[in-house]
Amino acid sequence: MVLRARPGRDEDERGVVRRLSRAWKVPRDVVMRARMIELSWSGLRAPAIAVELGCSQKTVRCWLDRFNGSGLQGLDDLGGQGRKGRITEEERSRIISLVKTVPPGRLRSEPVGELWAFDETGPSEWTLDSLAATARAEGIEVGRSQVRRILLAEGVRWRRTRSWTRSKDPDFVPKGRGSSASTPTRPTTRR
């Protein structure tokens, strides 16, 4: 059976297909599908279109059939394709909010000067492993790499800053400037 694209319903539809087949700022797949329709209108059959565009005959027949059934909307990708997300947006938000909380194992000082932690066995700082473990404890099935992707997508920093550069201790003396060079710099003038 010979499959051809149905004729354009009106001049507007034909014009849109022509513009799409020559467009530069449209996804390549849509341009290729519009070219299939245009080549079919010019009289070429599916095998010749496939050779012209460097794709399979099955692909050409699929898109010609979709165009015949749905018109221009048939040239777009169907939504809902691919694997569904394993965690909900609420769970993503809970993971992101975990980073903003104080880790349960971090030491705090009491007014009398003693140190204590909510959970001495818990993490003292957030790492990807500790975030994933805490999320799993809250009932969110998530792995370390997925936590990393979530935080990177949101631009959230999960690493603690280097604590040794600052201190609340009044006797702490920060490092001074770097030492001076022991040898003079070489002159850059020409000999």
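Tabulated values for the structure
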| quantity | calculated |
| --- | --- |
| Qualifying residue in the range 14-23 (condition: assigned to a helix (DSSP H, G or I), of a type in the set (D, E, K, R), surrounded by fewer than 15 Cβ atoms within 10 Å (Cβ to Cβ) and more than 22 Å from the chain's Cα centre (by Cα)) | yes |
| Single condition residue 99 does not satisfy, out of (1) in contact (Cβ under 8 Å) with a residue 40 or more places away in the chain; (2) part of a loop (DSSP other than H, G, I, E, B) | (2) |
| Some residue of the range 27-48 being closer than 29 Å to residue 10 by Cβ and of a type in the set (Phe, Trp, Tyr) | yes |
| Residue in the range 105-112 that is assigned to a helix (DSSP H, G or I) and open to solvent by 50 Å² or more (accessible area, probe 1.4 Å) present | no |
| Residue list for the range 60-93, filter: within 24 Å of residue 143 (Cβ to Cβ), touching a residue at least 24 places away in the same chain (Cβ under 8 Å) and exposed (fewer than 15 other Cβ atoms within 10 Å of the Cβ) | 86 |
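The values are calculated or read from the model by the stated rules, or taken from the named source; none is laboratory data. Being a predicted model, the structure only gives us computed values, none of them experimental. Every residue, glycine among them, receives a Cβ derived from its backbone with ideal geometry; neighbour counts consider all protein chains shown. For the accessible areas, the whole protein counts, side chains as well, though only heavy atoms, and no ligand, DNA or RNA atoms are used. Shrake-Rupley method; radii C 1.70, N 1.55, O 1.52, S 1.80 Å.
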